[in-house]
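The values are calculated or read from the model by the stated rules, or taken from the named source; none is laboratory data. All values derive from a computational prediction rather than experimental measurement. Note: ideal-geometry Cβ built from the backbone for every residue, glycine included; neighbour counts use all protein chains shown.
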Amino acid sequence: EDDQQQMPSRDFMANRIPPVRSLKPVGKRRSNTINGIQVDKNLDYFDVVGSADLSKLESLDRGFDEFAADDAKVVPGFGENGDPVLLKGDEAEEATRIMAKEAFNIVASDKISLHRVVPDTRDPLCQAVKYDEDLPNASIIIIFTNEAWTPLLRTIWSVLDKTPGHLLKEIILVDDFSDKPYLKGKLDRYIRKKLPSKVRLKRLSKRSGLIRARLTGARLATGDNLLFLDSHCECGDDWYQPLAQRIKDEPNAFVVPIIDVIDDKTMEYYHGNGVYFQIGGFSWGGHFNWVDIPQHEQIRRGSTIAPTRTPTMAGGLFAVNRQTFWDFGSYDEEMDVWGGENLEMSFRVWQCGGVLETIPCSRVGHIFRSFHPYTFPGNKDTHGINTARTVEVWMDDFKRLFYMNRPDLLSTDIGDVSKRLEFKKQRQCKSFKWYLDNIFPQKFILDDPDHSFAYGRVRNPNNHCLDTLQNDEKDTYDFGIYPCHDYVAASQFFSFSKKFDIRREDNCAEVGEIGNDLGQLPVHMVPCHGKGQDQEWIHTKQGRLIHKLTNKCLDIGSGISDKLFATDCKAMQSQIFFYDNYIS
Ligand code: LR7
Ligand code: MN
């Protein structure tokens, strides 16, 4: 892992470089307070100050460049314009091995220039937009724990390369207690020798999790705006100006770029037509997801490149005026490691009078990984616990829909949320009902009289219930039947919607076209399209569920297997279903 260890000569040199902490700090001590929070503006607070006197170091290392070996790995042209890097033979095998540990293809990343050109993925209309000369500047906060070397450096360089110098106040790196050797001395030396003095590094003395790491960065920041990035990003052309312009025009705005996808296997930077993008939603199970821009918002925003309201944000990439960040309650400091803080901040911003928007002319790529290449101390489900903290503070009675998905969390210790509730009260933040009605009216509420005629378990007289059969998180799946639970569980919770769908949160029952010899047609759960047609059902007083287009009845057959199908309607118990609750 640490190539210092493979090269004795480099080790020899490294030992002769004075330890970082013994260098004299520069800058004067100066601190102030924002909302009772100590904000340390003092440069000597940082563990590494890029502007430190290098002459001492250089005379010691006599021209030896410990970074030359990294430079030599780069293959000119690889990955340029965002093209995929395709490896063959031994290298491909090595890459697969490394991916299983690091969650992305570091062999490919190492072959790509730290300054590669990525495609301009913006809406073509963006090119003509003019921004103010005097935009607010930014402190860019990049947090990381055990990040891979080239993705981290490429993130830093792409900020330096793509942000106008006068708008970049500083880059604050926060190392959340990494233990990879290359992130210690080698990174210190890279910052001193290769990066401009506005890049600074703060090391945390214990593993703090991404929420507290970001708070540390925010406390050290001195720029007009705070801008947070994950440690594996690449910025697009003119990415900062549209964010800064919007914050200048609307000081209570929390703004996010469109997040482009960088492939974890090939480092390909994907691009679409520039115009289509999605905004943030959430599932009642407490997960962030992507949703289409509803028609009312397309009309309100007026243009495809205007700020677009988003109910939630993904979490990792956003900008906000520094004072606004603190005024709006920064973060829940008691959230650990990873997960949940993104929905918490989203609900809070909207409910407390701010706006959360996607700014279409700002684009940043992010490497999406399929697992976390770092530890979760104590093996806690931090996403679940952090989300339970979120729903306790922000969701009012709607938290029932979360706990229906996560009954386990009702008996889990989630700590004390009284400080957050106190903040909510003091700021007189609005209710979750207000948020749903005004910011996310298209969000389906399974047990709401405006959305459903009936809800709950869908029970057949022989005590079998419709059941997702553990496919809850999937988009499209075959569902079926299972003995009814005697408690409320998300897997057996369905609505009969006002659009006549047999519906779960975002999935609706649809009848397949190709049946068997007995004329039985399969029934699938697929994303709801809300247009009736093949998803429309008739629910009779006698308990039938008749698929309108085919005129076939939902049937559990013998009830012995978990299969469910639609077939010719007959007077049979296997075709009788009642919901637990009928609203109207
Ligand atoms: O303990 C930790 N300490 C850290 O410093 C855990 C993580 N981190 C760092 C980590 O090195 C990385 O830079 O925090 C950053 C985010 O961690 P990731 O990259 O593992 O998270 P993610 O990209 O899988 O998850 C998304 O949701 C998270 C919820 O807690 C965070 O908000 C992430 O920032 C967020 N990422 C994005 O929004 C990018 C777009 C992804 C989407 C959708
Ligand atoms: Mn990430």
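Couple of notes before you dig in:
- The residues of segment 294-327 that are free of Cβ contacts under 8 Å to residues at least 40 places away in the same chain and either buried (at least 18 other Cβ atoms within 10 Å of the Cβ) or outside any loop (DSSP other than H, G, I, E, B) (or both), listed by number, are Gln295, Glu297, Gln298, Ile299, Arg300, Arg301, Gly315.
- Leu436 being at pLDDT 95 or above, closer than 26 Å to Pro522 by Cα and among the aliphatic types (A, V, I, L, M): no
- Among the residues listed as Asp238, Asp249, the single one being surrounded by fewer than 19 Cβ atoms within 10 Å (Cβ to Cβ), of a type outside the set (S, T, N, Q) and more than 13 Å from ligand 1 (Cβ to nearest atom): Asp249
- If the condition is being farther than 20 Å from Lys570 by Cα, basic (Lys, Arg) and surrounded by fewer than 17 Cβ atoms within 10 Å (Cβ to Cβ), then segment 500-550 contributes only Lys531.
- Only one entry in Gly557, Gly519 is assigned by TED's automatic domain parsing to the domain that holds Asn460, within 20 Å of Asn471 (Cβ to Cβ) and over 41 Å from the mean Cα position of the chain (by Cα), namely Gly557.
- Of all residues in segment 252-263, those satisfying the criterion of being surrounded by fewer than 24 Cβ atoms within 10 Å (Cβ to Cβ) and away from ligand 2 (no atom under 16 Å from the Cβ) are Asn252, Ala253.
- Here Glu133 meets the list (1) more than 14 Å from ligand 2 (Cβ to nearest atom); (2) within 22 Å of the chain's Cα centre (by Cα) almost entirely, failing just condition (2).
- Output for segment 303-337, where each listed residue is of a type in the set (Ser, Thr, Tyr), in contact with a helix residue (DSSP H, G or I) (Cβ under 7 Å, 6 or more places away or on another chain) and either within 25 Å of Gln278 (Cβ to Cβ) or within 8 Å of ligand 1 (Cβ to nearest atom) (or both): Thr304, Thr308, Thr312, Tyr331
- Which numbered condition Asp408 misses (of (1) in contact with a helix residue (DSSP H, G or I) (Cβ under 7 Å, 6 or more places away or on another chain); (2) more than 16 Å from ligand 1 (Cβ to nearest atom); (3) of a type outside the set (Lys, Arg)): (1)
- Residue in segment 294-305 that is at pLDDT 95 or above, touching a Leu at 6+ places or on another chain (Cβ under 6 Å) and assigned by TED's automatic domain parsing to the domain that holds Ile259 present: yes
- Candidates Gly456, Gly384 - the one that is out of contact with any Cys (no Cβ under 8 Å at 6 or more places or on another chain), crowded, with 16+ Cβ neighbours inside 10 Å and not assigned by TED's automatic domain parsing to the domain that holds Ile279: Gly456
- Selected residue [loosely packed, with under 13 Cβ neighbours inside 10 Å and under 27 Å from Arg300 (Cα atoms)] from Asp408, Asp475, Asp413, Asp450: Asp450
- Of all residues making up segment 121-160, the number that are outside any strand (DSSP E or B) and touching a residue at least 60 places away in the same chain (Cβ under 8 Å): 24
- Considering Leu210, Leu226, Leu220, the condition of being farther than 20 Å from Glu357 by Cβ, more than 16 Å from ligand 2 (Cβ to nearest atom) and assigned by TED's automatic domain parsing to the domain that holds Ile171 is satisfied by Leu220 alone.
- Within segment 468-507, tally of residues that are at pLDDT 95 or above, closer than 15 Å to Ser283 by Cα and of a type in the set (Asp, Glu): 0
- Ile414 vs. criteria away from ligand 2 (no atom under 16 Å from the Cβ) and of a type in the set (Val, Ile, Thr): yes
- Residue check, Trp290 assigned to a strand (DSSP E or B) and aromatic (Phe, Trp, Tyr): yes
- Some residue of segment 126-142 being out of contact with any Phe, Trp or Tyr (no Cβ under 7 Å at 6 or more places or on another chain), within 16 Å of ligand 1 (Cβ to nearest atom) and at pLDDT 95 or above: yes
Here's the yes/no breakdown for (1) assigned to a helix (DSSP H, G or I); (2) of a type in the set (Lys, Arg):
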residue	(1), (2)
Pro76	no, no
Asn81	yes, no
Asp90	yes, no
Met99	yes, no
Arg116	no, yes
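- The number of residues in segment 346-382 being in a helix (DSSP H, G or I) and either away from ligand 2 (no atom under 16 Å from the Cβ) or in contact with a His (Cβ under 8 Å, 6 or more places away or on another chain) (or both) comes to 9.
One line per residue, one yes/no per condition, for (1) within 14 Å of ligand 1 (Cβ to nearest atom); (2) touching a helix residue (DSSP H, G or I) at 6+ places or on another chain (Cβ under 8 Å); (3) closer than 30 Å to Ser158 by Cα:
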residue: Gly339; (1), (2), (3): yes, yes, yes
residue: Leu343; (1), (2), (3): yes, yes, yes
residue: Cys352; (1), (2), (3): no, yes, no
residue: Leu356; (1), (2), (3): yes, yes, yes
residue: Arg363; (1), (2), (3): yes, no, yes
residue: His372; (1), (2), (3): yes, no, yes
residue: Thr390; (1), (2), (3): yes, yes, no
residue: Phe398; (1), (2), (3): no, yes, no
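- The residue of segment 181-235 that is nearest to ligand 1 (Cβ to nearest atom), among those that are free of Cβ contacts under 8 Å to residues at least 60 places away in the same chain and of a type in the set (S, T, N, Q), is Ser208.
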